[in-house]
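Below is one structure, written out as structure tokens, with a few remarks after it.
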Amino acid sequence: MSAATTRSRTPDRLCAEAVDLARAAAEEAAAPGVVGEHAGLVSEGDRVVTHFFECKELGYRGWRWAVTVARASRAKIVTLDEVVLLPGPDALLAPEWVPWSERLRPGDLGPGDLLPTDQDDLRLEPGYTGEEEPPPNSAVSEEMRELAEAEDADVTPGAPAAQPTAPSRGSIASVAEELGMRRARVLSRYGLHSAADRWEEAFGPKTPMAQAAPATCMTCGFLTPIGGSLGQAFGVCANEFSPADGRVVSLAYGCGGHSEAAVMPKPPQPASPVVDETRVDAFPLRPARDSGSVPETGDDETAELGHS
């Protein structure tokens, strides 16, 4: 260990005694009344000492005013070097800065927000490949333009490149757009697996709802199939009473709203009354004389009994 290193461990006496100078410098740099008690010092090197003062400013718990003073060799005057506010061992610090792309979570995107994607995003891959150059025999190609200018061909006014014919007619992009593949980038295999894992975790067979379901979504009438390779394992729920209504669900998912889980029988309906309006039944206003249970007797029989 060198002699210079040994001397730097012991604070310089004059610099260590310059507490008032350090306090005055801290109070000048800080707001009034926020510089607290002297909290120690540390030797920064030969004739260089840093004094610490407590910071009483709200929101800076554990921070300290650090004032560095120095003295030239063989000089007896201590001069001010630097004043700065530094965090102490138990200071209240802000969390480590994280880029916005790593802080963003599903659901954070609101109306009007734009979420850019990286050019080399692992979730995407080119939808089609090829340079945007017309074929050599196209009217808008560079070879045909030079040939037309050399021969002074009598064509429509203007340079070939400025003709109203669509310059992208023979390009890869125009062919892709005509075939319905106008997207410049599509989901890569990584993007497909990432989406599948996310949907499987939210509405998959391992969820409590699916574990208690009477059947899977594969046999449910409310399942709307989707296209592409993801359609082999996922669909969209169209049951308004299901917790997954409008969500992408796994074919192995299920809930109590399955279309065939409990089919309610139709309530019994009473038969409609039958009225025959083509037949008329005649009913007498008075009963017939021979319709009763007692036979009718003549006047002679009743006379013998004393009836008149």
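Worth a mention:
- Just one of the listed residues (51, 38) is open to solvent by 60 Å² or more (accessible area, probe 1.4 Å) and of a type outside the set (Gly, Ala, Ser), and it is 38.
- Cβ pairs under 9 Å, 6+ apart, first in segment 118-130 and of a type in the set (Lys, Arg) and outside any strand (DSSP E or B), second modelled with pLDDT of 75 or more and surrounded by 11 or more Cβ atoms within 10 Å (Cβ to Cβ): 123/187; 123/188; 123/190; 123/191; 123/192; 123/194; 123/195
- Residue, least open to solvent (accessible area, probe 1.4 Å), within segment 188-224, restricted to residues that are farther than 15 Å from residue 123 by Cβ and of a type in the set (Asp, Glu): 200
- Selection status of residue 109, under 24 Å from residue 202 (Cα atoms), surrounded by 10 or more Cβ atoms within 10 Å (Cβ to Cβ), at pLDDT below 85 and over 14 Å from the mean Cα position of the chain (by Cα): no
- Put simply, of 235, 227, 246, 256 the only residue that is of a type outside the set (A, V, I, L, M, F, W, C), at pLDDT 85 or above and open to solvent by less than 40 Å² (accessible area, probe 1.4 Å) is 235.
- Selection from segment 54-66 of residues that are aliphatic (A, V, I, L, M) and surrounded by 14 or more Cβ atoms within 10 Å (Cβ to Cβ): 66
- If you go through segment 67-97 and keep only what is part of a loop (DSSP other than H, G, I, E, B) and open to solvent by less than 50 Å² (accessible area, probe 1.4 Å), you end up with 75, 88, 91.
The values are calculated or read from the model by the stated rules, or taken from the named source; none is laboratory data. Here the structure is a predicted model, which means the values were calculated and not measured. Note that we place each Cβ from the backbone using ideal geometry, even for glycine, and neighbour counts take in every protein chain shown. Please note that ligands, DNA and RNA were not included when accessible areas were found on the heavy atoms of the full protein model with its side chains. Shrake-Rupley method; radii C 1.70, N 1.55, O 1.52, S 1.80 Å.
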